Every structure is written in C-alpha cells, then in structure tokens.
Amino acid sequence: METIHKIGRRKTAVARVYLSKGKGNITVNEREFNNYFTTDTLRYKVLQPLNLTNNLENFDVTVNVFGGGVTGQAEAIRLGISRALVALDEENKSVLKPEGLLTRDPRMVERKKFGQKKARKKFQFSKR
C-alpha cells in the first residue's frame with residue numbers, strides 16, 4: 001500500500017494528512033501527537049475516525065497543519081483522516097458518514113463591513 005494523501009479544512013486551518021501502513025504512530029508538524037494536542041477532547045476528536053473503523057493500530061499518520069487555532073486544527077485533521085480512510089476502503093463511508101465526519105464544516109468568520117464597528121455591530125446611532 002502506498003501513502004494516501006488527503007486534505008481536511010476547518011475555518012482557516014488546513015491539514016495535509018498522509019496515511020500509510022504502520023503501527024499507529026501519529027506525528028503532527030514533526031511533533032509527537034500527545035505533545036501537540038494536550039487536552040483529551042482534542043485527542044479524542046483526532047482519533048475518532050480511527051476508533052470508529054477499528055484502525056487505531058494499523059496505520060501511521062503524518063500531518064502537516066497550519067492556520068487557525070488548536071480546535072480548528074484538530075477538526076481539520078479529523079476530516080483529513082476520515083477522507084483518507086474512505087479512499088482506502090469504501091466500506092468505511094457507511095461508518096463515518098452517519099457520525100458527520102465526512103462533512104466539511106462551512107462556518108467561517110464573517111467579514112467586517114465598512115461603516116460598521118464589526119461584522120454586524122453598528123456604531124451608536126444618535127437621533128439628535
């Protein structure tokens with residue numbers, strides 16, 4: 001099996017995921033997985049597609065991720081891993097799709113408009 005390359009995105013975070021046969025090692029930006037994601041919830045999010053498909057010990061995952069915050073990066077990695085698992089075996093789609101792991105979250109920060117304080121907040125209106 002050759003290396004599978006997929007991209008996951010969330011807000012402004014972009015994750016390039018490389019999935020290959022191995023023993024379950026996960027490397028994020030050339031750092032160990034547990035050192036990069038310090039909280040249990042972020043680790044759970046990243047490992048969720050591997051746990052659901054029972055592939056936690058079967059593959060090595062190498063990730064290059066940039067942009068956004070740690071939560072956005074974790075969810076971008078999750079989408080990339082999910083896409084790679086579906087490319088590897090089409091039967092994984094029936095497990096991952098109902099959990100919502102193959103859906104790209106389209107929510108982005110709304111841009112600031114001119115003549116306003118923020119995206120939606122206006123300057124104070126004075127009648128007189």
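Could you work out the percent of alpha carbon pairs in the range 81-122 separated by over 10 Å, rounded to a whole number?
Here the tail beyond 10 Å accounts for 74 percent of pairs.
Got a sec? Which residues in the range 1-38 would a label at residue 120 touch, if it sits 7 Å along Cα→Cβ and we count backbone N under 20 Å?
11-12, by backbone N distance to the label point.
Can you work out ³J(HN,Hα) from phi for every residue in the range 108-115, in order, using Karplus 6.51 cos²θ - 1.76 cosθ + 1.60 and θ = phi - 60°, giving whole Hz and x for Gly and Pro?
10, 6, 6, 6, 6, 9, 6, x
Relative contact order for the chain: what is it in percent, counting Cα pairs under 8 Å that are at least 6 residues apart?
31
Using 0.36 nm per residue, how much length does the chain from residue 3 to residue 29 gain when fully extended, once their Cα-Cα distance is taken away?
Here the answer is 7.6 nm.
Quick one: dipole size for the range 9-128, taken about the Cα centre, charges +1 on Lys/Arg Cβ and -1 on Asp/Glu Cβ, in debye to the nearest 20.
1660
Could you give me the ³J(HN,Hα) list for the range 66-80, computed from phi with Karplus coefficients 6.51, -1.76, 1.60 and θ = phi - 60°, whole Hz, x at Gly and Pro?
Listing the rounded values in order: 8, x, x, x, 5, 5, x, 5, 4, 6, 5, 5, 4, 5, x Hz.
Amide H neighbours of residue 10 under 5 Å, counting only residues 5+ apart in sequence or on other chains, H built in-plane at 1.01 Å?
Sorted by chain and number, the residues that satisfy this come to none at all.
Between 113, 45, 23, where does the largest GNM mean-square fluctuation fall for the chain, given springs only between Cα atoms within less than 10 Å?
113
Taking the convex hull of the alpha carbon atoms in the range 4-96, what volume per residue do you get, in Å³?
81
Using the per-residue mean of other Cβ atoms lying within 10 Å as a proxy for protection, in what order, highest first, do the peptides 48-58, 102-112, 10-20 fall?
Taking the mean over residues of other Cβ atoms within 10 Å, the ranking is 10-20, 48-58, 102-112.
Skipping prolines and chain starts, which residues have an amide H placed within reach, meaning under 5 Å, of the one on residue 22, given they are 5 or more residues away or on another chain?
59, 60
Calculated from DSSP H runs of 4 or more alone, at -39500 (n - 2.57) each and per residue, what is the 222 nm mean residue ellipticity of the chain, nearest 500?
Helix contribution divided over all residues of the chain: -9000 deg cm²/dmol.
Can you work out ³J(HN,Hα) from phi for every residue in the range 39-45, in order, using Karplus 6.51 cos²θ - 1.76 cosθ + 1.60 and θ = phi - 60°, giving whole Hz and x for Gly and Pro?
Working through the residues one at a time gives 9, 5, 5, 5, 5, 4, 4 Hz.
Computed from the coordinates by the stated procedures, all read-outs in this text should not be read as laboratory data. What you are looking at is a predicted structure, and each value in this text was computed from that prediction instead of being measured. All Cβ positions, even for glycine, are placed from backbone atoms using ideal geometry, and neighbour counts span all protein chains on display.
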